[in-house]
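Enquirer: I am attaching a structure below and will ask some questions about it afterwards.
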């Protein structure tokens, strides 16, 4: 074999090797490209899923905040309605405090808890004469120890003062003491709670 044939044989071998290298390179490039596409798709799906999850979290947080605001608004409205009910009850109790039988009963209650000695009985404006009559009729022994005084405004009921001791038996103070106990039952009745 001559020099020309050797060069042709080597050139053919080099061409075949170059072709094989190009084919392997193309196959590797296609594999790398396919892997990159799979990785990109997986990353895209993961990002889409994370964005959807974050959007869901934001949506649930917004719904929870809206529900909390509705509950707060509802609670404030119920508080306002219960406050109005309490105010109306106080107005009606103040008006009822002028009844002679009730006045006599309230005078008797504070006298039962009064200490010995002088005391001042504070009554609603315009009720002093009726309170004195209730004292004379039901508790004549206390009449001599009593000083009657009229309050500046109607409160319904009476208040007894003896030195530092104050026995408040006005209907408004009774309502104030009873309201915390009555309010849950009233709320259940009015709003169907509990």
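Computed from the coordinates by the stated procedures, all read-outs in this text should not be read as laboratory data. Because the structure is predicted, anything quoted here is derived from the model rather than measured. As a convention, Cβ positions derive from the backbone with ideal geometry for all residues, glycine included, and neighbour counts pool all protein chains shown.
Enquirer: Out of [x] 16.3, 49; [y] 47.1, 156; [z] 17.3, 54, which label holds the value of Rg and Dmax of the Cα atoms in Å that was computed here?
Expert: [y]
Enquirer: Next question, about the same structure. If one takes the longest principal axis of the Cα atoms in the chain, at what angle in degrees, from 0 to 90 and to the nearest 10, does the Cα axis of helix 171-191 lie?
Expert: So the inclination is approximately 40 degrees.
Enquirer: Taking the DSSP beta bridges in the stretch 99-191 as the whole, what percent of them are antiparallel, to the nearest 5?
Expert: Just about 65 percent of them are antiparallel.
Enquirer: I've got another one for you. On C-alpha positions alone, give me the angle between the axis of helix 100-113 and the longest principal axis of the chain, in degrees, nearest 10.
Expert: 80
Enquirer: Roughly how many Å is it from the Cα centre of the stretch 34-92 to that of the stretch 170-185, as a whole number?
Expert: So the two Cα centres are separated by 37 Å.
Enquirer: For the Cα atoms of the chain, what angle does the longest principal axis make with the long axis of helix 3-96, in degrees from 0 to 90, nearest 10?
Expert: 10
Enquirer: If I model a spin label as a point 7 Å beyond the Cα along the Cα-Cβ vector, how far apart are those points for residue 75 and residue 179 in nm?
Expert: Going by the 7 Å Cα→Cβ label model, 1.9 nm.
Enquirer: For a quick protection proxy, order the peptides 117-129, 173-185, 149-161 by their average other-Cβ count within 10 Å, most packed first.
Expert: Packing order, densest peptide first, comes out as 149-161, 117-129, 173-185.
Enquirer: Using label points projected 7 Å from each Cα along Cα→Cβ, tell me how many nm separate residue 51 and residue 10, to one decimal.
Expert: So the label points at residue 51 and residue 10 sit 5.9 nm apart.
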